1. Here are some residues: LEU91, LEU57, LEU2. Which one is without any contact (Cβ under 8 Å) to a residue 60 or more places away in the chain and part of a helix (DSSP H, G or I)?
2. Would you say LYS50 is at pLDDT 90 or above and in a helix (DSSP H, G or I)?
3. If you scan the range 28-55, which residues turn out to be in contact with a helix residue (DSSP H, G or I) (Cβ under 8 Å, 6 or more places away or on another chain) and closer than 19 Å to TYR80 by Cβ?
4. Check whether at least one residue in the range 13-23 is surrounded by 12 or more Cβ atoms within 10 Å (Cβ to Cβ) and of a type outside the set (Phe, Trp, Tyr), and report yes or no.
5. Would you confirm whether any residue within the range 65-75 is at pLDDT 90 or above, more than 37 Å from the chain's Cα centre (by Cα) and surrounded by 10 or more Cβ atoms within 10 Å (Cβ to Cβ)?
6. Taking the range 25-55 on its own, how many of its residues are surrounded by 14 or more Cβ atoms within 10 Å (Cβ to Cβ) and of a type in the set (Val, Ile, Thr)?
Amino acid sequence: MLVKHPKTSLRKWIKRGALVAAVFEVAAFGVTYFGWSKINRDRETRKHLKENYPFILEVYYRTSELIDSTNQVRKVDEAYWKAISTPEVTLMEPSRFIKSLFWLTSLTGFGYILLLTTTPKEEQFKKVSNDYPGVDKFNKLTKQEQLLAVLEKASRSDKPIYRLSKEEIDKDIRK
C-alpha cells in the first residue's frame, strides 16, 4: 500500500543528520565533562598531558584562568613538578665505555705487576722491619706470653730447668 503523504528525501536527510549531530554532541559532552573532571582532580593526569599532549594542558590552564582569574593551578603544578623532578640519567656512549674499560683494566694490570715486582721477599721484609726504631714493641711478645713460651720450652728439655746454667737457659730456652 502506498503512503498517503510520502516524505521527501531532503526531509529524511535532515532528520537523520539532526539525530547524528545530537548523538555526537552527547558523546562529545560526556568525553569533555569526564576528561575535564579527571584533569581537574588528578595531578598525575596533568603531568601525563604535559609530557605527551602539552597543547591540551595549555587549553586547560587558559580555560581555568579565563573562568577564574585567581586560579593558581599552573603555578602549583610547575612548582610541584620542579620539586619532585629527578635529573635525567644519560648513559655513556659505547665507544667511550669501551675506552674507559680498556684503561681501567690496563691500569689495574699495571698496578698488579708493580705490586708483584716491588713487594720484598719475606726475608728482606723481616730484615728491613727490624731496622726501624721502636719495632721491638711490635715484634716482642708480652711478658705473660714470653713466660709461657719459656715454660713451654723448658718442659720439652731433657734436664730440669733448675739444673741448667744461665748460659744454657739463654742458649736453649730463651732463643
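1. Working: LEU91 fails: part of a helix (DSSP H, G or I); LEU2 fails: part of a helix (DSSP H, G or I).
Matching residue, one of LEU91, LEU57, LEU2: LEU57.
2. Details: at pLDDT 90 or above: no; in a helix (DSSP H, G or I): yes.
Criteria not met by LYS50.
3. Let us first name the residues in the range 28-55 that are in contact with a helix residue (DSSP H, G or I) (Cβ under 8 Å, 6 or more places away or on another chain), namely 36, 38-39, 43, 45-47, 49-50.
Once the filter is applied, which keeps residues that are in contact with a helix residue (DSSP H, G or I) (Cβ under 8 Å, 6 or more places away or on another chain) and closer than 19 Å to TYR80 by Cβ, the range 28-55 yields LYS38, ILE39, ARG43, THR45, ARG46, LYS47, LEU49, LYS50.
4. Let us first name the residues in the range 13-23 that are surrounded by 12 or more Cβ atoms within 10 Å (Cβ to Cβ), namely none.
No, every residue in the range 13-23 fails to be surrounded by 12 or more Cβ atoms within 10 Å (Cβ to Cβ) and of a type outside the set (Phe, Trp, Tyr).
5. No; the residues of the range 65-75 include none that is at pLDDT 90 or above, more than 37 Å from the chain's Cα centre (by Cα) and surrounded by 10 or more Cβ atoms within 10 Å (Cβ to Cβ).
6. Here the count works out to 2.
The values are calculated or read from the model by the stated rules, or taken from the named source; none is laboratory data. Keep in mind that what you see is a predicted model, and the values were worked out from it rather than measured. All Cβ positions, even for glycine, are placed from backbone atoms using ideal geometry, and neighbour counts span all protein chains on display.
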